[in-house]
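Engineer: Have a look at this one.
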Amino acid sequence: MAESSSRSCRNGSPITSITQDHLFTILLLLPIDSILSFAITCKRFRALASSDALWESICRRDWGPNSVDALNSSNLHFHHHHHQQLPWMRLYKQVSQLDSLSIHNLTYPDTELALPCPRASHSLNFVSDYLVLFGGGCEGGRHLDDTWVAYIGKEFQKILNWQKVNSGIPSGRFGHTCVVICDFLVLFGGINDNGSRQNDTWVGQLTCHETLGISLSWRLLDVGSVAPPARGAHAACSIDNRLMLIHGGIGLNGQRLGDTWVLELKENLCSGKWREILTNPSPAARSGHSLTCIEGTRIVLFGGRGLGYEVLNDVWVLDISESYLNWVQILYELPNIPGGVSLPRVGHSATLILGGRVLIYGGEDSQRHKRDDFWVLDISAIPSITMQQPSTLNSARLLAKMWRRLKATGHKPNRRSFHRACADHSGRYLYVFGGMVDGLVQPAELTGLGFDGELFLVELLLQL
């Protein structure tokens with residue numbers, strides 16, 4: 001069989017006359033199953049279809065260039081010498097079959113280092129190799145107006161040196177959203193401790209001086225006369241490094257909202273323009289849900305608390321690249337997913353990780369029970385026909401690809417909700433800070449709830 005396939009590579013088949021560069025280009029247009037089938041036809045094609053150069057390009061295609069560039073530039077992610085390439089084919093397989101992660105504690109309160117106080121409903125972003133934390137709510141229902149920065153770099157650090165770099169601007173708030181666009185922070189909305197909702201838009205820029213150290217300057221963005229109604233506890237994400245999308249939240253008089261708005265930023269982020277996206281159908285009004293951008297232009301909405309205070313588990317997808325924008329619901333039955341009855345949640349985090357998937361962590365259910373589970377949501381596993389003509393997914397095999405619960409080892413943080421999480425440029429490392437936890441963490445708090453000030457690292461376990 002091997003000899004006959006080798007002869008077919010040398011003789012007869014027109015494909016053997018195609019140059020290697022052209023074959024390379026063709027393979028990058030094919031799905032993974034077709035590439036693997038091509039690899040078993042003959043030795044020559046197997047060598048091409050198994051090459052590091054091809055699989056690095058496949059990783060760029062399926063994961064995006066940022067993750068691949070970050071993996072290439074850092075020693076942290078592999079145990080090879082600099083002149084050796086990453087085993088991209090093996091890495092792709094491991095990411096596709098990811099089933100476990102490890103948690104590392106990064107908070108050591110006994111040190112003399114300054115630390116951000118416990119809080120929830122704040123913002124946490126990874127920008128220019130730094131973690132940036134702003135605002136949130138703390139004990140007594142008070143808002144915070146402080147900005148903290150910690151250098152991460154490209155090497156694992158067990159202790160982070162937080163620096164308080166700003167206070168008072170923007171004004172104190174919690175339940176706001178903040179995204180990264182072109183190494184700038186873009187912040188919208190939130191609620192202050194008087195209950196007032198905001199609809200202002202701010203831009204933050206991090207600057208590192210050799211002598212002056214780190215500074216972060218905030219400025220109010222000029223968005224003209226049109227802006228979304230004031231709100232907090234909404235969801236947001238950045239799209240293609242040029243847009244910010246928001247959905248839902250709690251507006252004036254405690255009303256839950258179901259509108260979708262997009263902010264288009266001008267060059268150098270000197271100004272921007274908000275516009276509402278009107279679609280039918282669209283996700284119901286909610287708060288405490290999540291928006292995550294995958295594949296550059298597709299936005300995934302998950303969970304939250306609805307108009308009747310019910311906790312949701314629905315999944316919606318919006319493709320911003322389509323000429324006709326439309327929210328599409330991915331219908332599925334919870335009992336068909338192993339452990340799926342625990343999926344409905346509010347106040348969770350949903351972060352884009354290595355492999356173009358969404359990692360969902362924590363949150364709380366309708367009884368306000370906090371969670372500490374990790375789930376991977378893989379929208380790419382859903383047939384494209386379902387995205388065009390929604391129908392309920394009942395295939396156990398398909399649902400097992402779409403939803404997968406991961407095993408966690410190492411440090412065991414408290415169950416939490418309304419924490420914040422962000423990934424580094426590679427998408428392999430996730431930083432989680434704060435949130436609401438069960439129990440009297442703050443002695444003055446009498447509600448049975450506490451604010452947490454723990455920072456920990458979640459590492460996707462890959463054997464390279």
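The values are calculated or read from the model by the stated rules, or taken from the named source; none is laboratory data. These numbers come from a predicted model, not from an experiment. Cβ sites come from the backbone with ideal geometry, for glycine too, and all protein chains shown count toward neighbours. What goes into the accessible areas is simple: the full protein's heavy atoms, side chains included, and nothing from ligands, DNA or RNA. Shrake-Rupley method; radii C 1.70, N 1.55, O 1.52, S 1.80 Å.
Engineer: Would you confirm, using the coordinates I've provided, whether residue 194 is open to solvent by 30 Å² or more (accessible area, probe 1.4 Å), within 26 Å of residue 297 (Cβ to Cβ) and not in a strand (DSSP E or B)?
Structural biologist: Working: open to solvent by 30 Å² or more (accessible area, probe 1.4 Å): yes; within 26 Å of residue 297 (Cβ to Cβ): no; not in a strand (DSSP E or B): yes.
No, not satisfied.
Engineer: Considering every residue within the range 288-303, establish whether at least one is within 24 Å of the chain's Cα centre (by Cα), buried (at least 19 other Cβ atoms within 10 Å of the Cβ) and assigned to a loop (DSSP other than H, G, I, E, B).
Structural biologist: Let us first name the residues in the range 288-303 that are within 24 Å of the chain's Cα centre (by Cα), namely 288-303.
Applying the additional criterion that residues be buried (at least 19 other Cβ atoms within 10 Å of the Cβ) yields 288-294, 298-303.
Next, from what is left, pick out any that are assigned to a loop (DSSP other than H, G, I, E, B): 288-289.
Scanning the range 288-303 turns up at least one residue that is within 24 Å of the chain's Cα centre (by Cα), buried (at least 19 other Cβ atoms within 10 Å of the Cβ) and assigned to a loop (DSSP other than H, G, I, E, B).
Engineer: For the structure I just gave you, tell me whether residue 199 is under 23 Å from residue 183 (Cα atoms) and not in a strand (DSSP E or B).
Structural biologist: Taking the combined requirement at face value, the residue does not satisfy it.
Engineer: What number of residues within the range 313-361 are over 22 Å from residue 126 (Cβ atoms) and assigned to a strand (DSSP E or B)?
Structural biologist: The qualifying residues number 13.
Engineer: Pairs, please: C-beta under 9 Å, at least 6 apart or cross-chain, first residue under 26 Å from residue 56 (Cβ atoms) and in the range 4-29, second open to solvent by less than 70 Å² (accessible area, probe 1.4 Å) and at pLDDT below 70?
Structural biologist: That search, which allows pairs on different chains as well, returns 15/9; 16/8; 16/9.
Engineer: Taking into account only those residues within the range 21-73 that are within 32 Å of the chain's Cα centre (by Cα) and among the aromatic types (Phe, Trp, Tyr), which is surrounded by the fewest Cβ atoms within 10 Å (Cβ to Cβ)?
Structural biologist: Applying the filter and picking the extreme gives 24.
Engineer: If you scan the range 97-118, which residues turn out to be of a type in the set (Ser, Thr, Tyr) and at pLDDT below 90?
Structural biologist: If the condition is that a residue be of a type in the set (Ser, Thr, Tyr) and at pLDDT below 90, then 107, 108, 111 are the ones that fit.
Engineer: Does residue 368 meet the test of being in contact with a Gly (Cβ under 6 Å, 6 or more places away or on another chain) and either in a loop (DSSP other than H, G, I, E, B) or closer than 21 Å to residue 292 by Cβ (or both)? Step through it out loud before you land on a result.
Structural biologist: Values: in contact with a Gly (Cβ under 6 Å, 6 or more places away or on another chain): no; either in a loop (DSSP other than H, G, I, E, B) or closer than 21 Å to residue 292 by Cβ (or both): yes.
No: the conditions fail for residue 368.
Engineer: Based on what the data block shows, is residue 299 touching a residue at least 60 places away in the same chain (Cβ under 8 Å) and β-branched (Val, Ile, Thr)?
Structural biologist: Yes: the conditions hold for residue 299.
Engineer: Those residues that are within 22 Å of the chain's Cα centre (by Cα) and in contact (Cβ under 8 Å) with a residue 40 or more places away in the chain, I need them from the range 251-272; list them, please.
Structural biologist: Scanning the range 251-272 gives 260, 262, 263, 265.
Engineer: Only one of these is open to solvent by less than 20 Å² (accessible area, probe 1.4 Å), part of a strand (DSSP E or B), within 21 Å of residue 187 (Cα to Cα) and not β-branched (Val, Ile, Thr): 124, 101. Name it.
Structural biologist: Numbers: 101 fails: within 21 Å of residue 187 (Cα to Cα).
Answer to the check: 124.
Engineer: Scan the range 287-342 residue by residue and report those that are at pLDDT below 95 and of a type in the set (Gly, Ala, Ser).
Structural biologist: Of everything in the range 287-342, those that are at pLDDT below 95 and of a type in the set (Gly, Ala, Ser) turn out to be 296, 308, 321, 323, 339, 340, 342.
Engineer: Looking at 427, 410, 363, which one is surrounded by 19 or more Cβ atoms within 10 Å (Cβ to Cβ) and modelled with pLDDT of 95 or more?
Structural biologist: 363
Engineer: Additional query: Looking only at residues in the range 145-186 that are hydroxyl-bearing (Ser, Thr, Tyr) and over 13 Å from residue 206 (Cβ atoms), which one is modelled with the highest pLDDT?
Structural biologist: By that ranking, first place goes to 177.
Engineer: What are the residue pairs meeting all of these: first residue in the range 154-165, first residue farther than 21 Å from residue 428 by Cα and assigned to a loop (DSSP other than H, G, I, E, B), second residue at pLDDT below 80 and of a type in the set (A, V, I, L, M), Cβ atoms under 7 Å, and 6 or more apart or on different chains?
Structural biologist: 161/113
Engineer: Please pick out the residue among 371, 357, 345 that is touching a residue at least 40 places away in the same chain (Cβ under 8 Å), of a type in the set (Lys, Arg), surrounded by 15 or more Cβ atoms within 10 Å (Cβ to Cβ) and over 25 Å from residue 249 (Cβ atoms).
Structural biologist: Numbers: 371 fails: over 25 Å from residue 249 (Cβ atoms); 345 fails: over 25 Å from residue 249 (Cβ atoms).
Just a single option satisfies the conditions, and that option is 357.
Engineer: Restricting to the range 104-114, name every residue that is open to solvent by 50 Å² or more (accessible area, probe 1.4 Å) and within 23 Å of residue 460 (Cα to Cα).
Structural biologist: 104, 108
Engineer: Kindly indicate the residue of the range 119-142 that is at pLDDT 95 or above and among the hydroxyl-bearing types (Ser, Thr, Tyr) and also nearest to residue 414 (Cα to Cα) among those meeting that condition.
Structural biologist: Filtering first and then ranking leaves 121.
Engineer: Let me ask something additional. Identify all residues within the range 202-242 that are under 28 Å from residue 315 (Cβ atoms) and assigned to a strand (DSSP E or B); write none if there are none.
Structural biologist: 231, 232, 235, 236, 237, 238, 239
Engineer: Now a separate question. Which of the residues spanning the range 127-153 are in a strand (DSSP E or B), of a type in the set (Gly, Ala, Ser) and more than 22 Å from residue 423 (Cβ to Cβ)?
Structural biologist: Listed by number, the list holds a single entry, 137.
Engineer: Quick check, is residue 76 touching a strand residue (DSSP E or B) at 6+ places or on another chain (Cβ under 9 Å), open to solvent by 50 Å² or more (accessible area, probe 1.4 Å) and either at pLDDT below 85 or not charged (D, E, K, R) (or both)?
Structural biologist: yes
Engineer: Mind checking whether some residue in the range 164-180 is under 26 Å from residue 109 (Cβ atoms) and open to solvent by 70 Å² or more (accessible area, probe 1.4 Å)?
Structural biologist: Yes, the range 164-180 has at least one match.
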